[in-house]
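Report on one structure; see the data block that follows.
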Amino acid sequence: MAENEIASDESWKPRIEVGSLQKRGGDYDSEVTSMTVYGGKDLASAFRTVRKNTIQVAQDIPESKYGFVAAPDVRSVARMLTHVAISTRLSEEVHKKRLTTMVGFDFFGMMDRFNAEETKTRSKAEILELLRTEGEQFAAWMETLAPEFLSEMVTEPDGKSAKSRFERLLGVKEHEMHHRAQLMLIERQLGIVPHLTRQFNERVAQMRAARA
């Protein structure tokens, strides 16, 4: 159930602190006085939650099904998991080098390197280790990021629009959740109930039992 997965991944909570508000009609004179920052540690924590769930999906799918291809032109299970594992390298390439523009960035060279990595033969254990090591390396780096760094703007390849580093780094988690949704549908095709659905059903059963 998609809604169960989303709820489990939303490990962050609103971080707006309101001292006082200006009310329509003038009853309140002062305005919002402070807002805390969703920073590097929060990005890292949320990413770790997503990666942990991806690893659990990878563990639940038997190695004998790692060659399964759900439809033509779709990555196999093994290749999709490898793609997820190494996808953080693009953000590391851009932000660790502190690039301020994507104009002229060698996307095709990066794609070629990704394709070469994805097509390497790896065992299930090796793919799981890749998910763990690449994920933790990325999360540990994000923990160190200051608000000033996250607020820096990076120009898009079109040379006109721009996004903050913060928005780009949020996109890493969103990209992984996109592919994990595919993997959870593949689990259903293979007769596996995704672990987040199992956990949700267990919680519901416990709540019903407590009310009985």
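No value in this document is a laboratory result; all are computed from the given coordinates. If you're wondering where the values come from, they're calculated on a predicted model, not measured in any experiment. Using ideal geometry, Cβ is built from the backbone for each residue, glycine included, and neighbour counts are taken over all protein chains shown.
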If you average the C-alpha positions of segment 169-212 and of segment 66-81 separately, how far apart do those two centres end up, in angstrom? 20
The answer for T101, listing residues at least 5 apart or on another chain whose modeled amide H is closer than 5 Å to its amide H, is T155
Kirkwood Rh over alpha-carbon pairs of segment 38-192, then Stokes-Einstein at 4 °C and 1.567 mPa s: what D in µm² s⁻¹, rounded to an integer? 79
Filtered trypsin sites (Lys or Arg not before Pro), segment 42-107: DSSP coil and at most 13 other beta carbons within 10 Å: K96, K97, R98
Describe numerically, in nm with one decimal, the distance between label points set 7 Å from Cα along Cα→Cβ at M207 and at L190. 3.0
Qualifying trypsin sites (Lys or Arg not before Pro) in segment 100-204, DSSP loop, other Cβ atoms within 10 Å at most 14: K120, K160
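Provide S161, S91 in ascending order of the number of other Cβ atoms located within 10 Å of each residue's Cβ, fewest first.
Values: S161 9, S91 18.
With the fewest neighbours first, S161, S91 line up as S161, S91.
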Taking a crude spin-label model, label points 7 Å out from Cα along the C-beta direction, the F114 to E63 distance in nm is 2.8
